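Student: Okay, handing you the structure first.
The values are calculated or read from the model by the stated rules, or taken from the named source; none is laboratory data. Computed from a predicted structure; not experimentally measured. For neighbour counting, all protein chains shown are included, and Cβ atoms are generated from backbone atoms with ideal geometry for every residue, glycine included. Ligands, DNA and RNA are excluded from the accessible area calculation, which covers all protein heavy atoms including side chains. Shrake-Rupley method; radii C 1.70, N 1.55, O 1.52, S 1.80 Å.
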Amino acid sequence: MIKAEQGPWKYLILWLRYYYAIHFLKSGINFAVFGVVPDFSKAGAVGPYMREMHEVGFYPLVKYLEIVLGSMLLFNILVPVALAFMAGIAFQIIYLNLFVSPHPRQLFTGTQELLLCGLLILAYGKNFAGLFQLRAKPGFPWQAQPPAATAAPVVARNSAYAVRSRDIALLVGVAVVWTVVVIGFSTTMGSRPLRIYDWGPPVVALVLALIAMFMDRMGSSARLMDPTAA
């Protein structure tokens, strides 16, 4: 059975989490710190909608929220909660870019949001499983939960997953392919200048994920050399 916290899946999910976190952070920081506001007149059919969002203050609110949510995702703080809020923002982006203004670059933007947010929700799906109750009963958060009949966990010593070279190759391959796709669509196949704003998030996320992989690999090697290590 495929397990999200083991094998290459753990690091692919880690890369996705870093990627989506940086994706949100750079969008929010670009507005909050550098004061960059898009030219809504060039946004096609969604331009009037975006302009009104900005006028009523909802656009700035979303940008500041992106910084908070991106930070939560980056530092692994309440990730399911962050994803729940991110899904609302992503839904709007997906709808506007895929159905209201479906130009090539916007189609990619909408597809990217769908994939990143959707795959992360799938990866953390166990945390949302309790929401799917056909006949849910009311209960305040502080109410005691009924004890679940579960077997005592079996703790295996020195059974941590050892990072393999093929895991590193798989992660690098996926990240490189996706970065090339991002570059292609963000430059509209070479008709626009290449910007670090576009290709930076997947590359930085790859570097962070590789650092985590090498740290895990070193930890696994140390446990193998010292059988008494927990």
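Student: Within region 116-135, track down each residue that is outside any helix (DSSP H, G or I) and in contact with a helix residue (DSSP H, G or I) (Cβ under 9 Å, 6 or more places away or on another chain).
Tutor: To start, the set of residues in region 116-135 that are outside any helix (DSSP H, G or I) comprises 124, 132-135.
TYR124 - this is the single residue of region 116-135 that is outside any helix (DSSP H, G or I) and in contact with a helix residue (DSSP H, G or I) (Cβ under 9 Å, 6 or more places away or on another chain).
Student: Test of understanding: among ILE13, ILE2, ILE93, which residue is β-branched (Val, Ile, Thr) and modelled with pLDDT of 95 or more?
Tutor: Working: ILE2 fails: modelled with pLDDT of 95 or more; ILE93 fails: modelled with pLDDT of 95 or more.
The unique qualifying residue is ILE13.
Student: Kindly indicate whether VAL182 is at pLDDT 90 or above, open to solvent by 70 Å² or more (accessible area, probe 1.4 Å) and out of contact with any Gly (no Cβ under 8 Å at 6 or more places or on another chain). Let's see the steps before the verdict.
Tutor: Working: at pLDDT 90 or above: yes; open to solvent by 70 Å² or more (accessible area, probe 1.4 Å): no; out of contact with any Gly (no Cβ under 8 Å at 6 or more places or on another chain): yes.
So VAL182 does not fit the description; no.
Student: While we're on this one: Pairs only if they're at least six apart or on different chains, beta carbon under 7 angstrom, first in region 123-149 and over 25 Å from GLN6 (Cα atoms) and open to solvent by 100 Å² or more (accessible area, probe 1.4 Å), second assigned to a loop (DSSP other than H, G, I, E, B) and modelled with pLDDT under 85; list them, first residue then second.
Tutor: That search, which allows pairs on different chains as well, returns nothing.
Conditions (1) part of a helix (DSSP H, G or I); (2) modelled with pLDDT of 95 or more, marked per residue:
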| residue | (1), (2) |
| --- | --- |
| PRO8 | yes, no |
| VAL36 | no, no |
| SER41 | yes, no |
| VAL46 | yes, no |
| LEU61 | yes, yes |
| TYR64 | yes, yes |
| ILE67 | yes, yes |
| ASN76 | no, yes |
| VAL81 | yes, yes |
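Student: Under 22 Å from the mean Cα position of the chain (by Cα) and modelled with pLDDT under 90: does that describe ARG223?
Tutor: Details: under 22 Å from the mean Cα position of the chain (by Cα): no; modelled with pLDDT under 90: yes.
Judged against the criteria, ARG223 is not a match.
Student: When you check TYR20 against the structure, is it closer than 18 Å to VAL68 by Cβ and open to solvent by less than 40 Å² (accessible area, probe 1.4 Å), yes or no?
Tutor: Working: closer than 18 Å to VAL68 by Cβ: yes; open to solvent by less than 40 Å² (accessible area, probe 1.4 Å): yes.
So TYR20 passes the test.
Student: I need a count of the residues in region 17-45 that are basic (Lys, Arg) and under 24 Å from the mean Cα position of the chain (by Cα).
Tutor: Of region 17-45, the ones basic (Lys, Arg) are 17, 26, 42.
Those still in the list that are under 24 Å from the mean Cα position of the chain (by Cα) too: 17, 26.
Number satisfying all stated conditions: 2.
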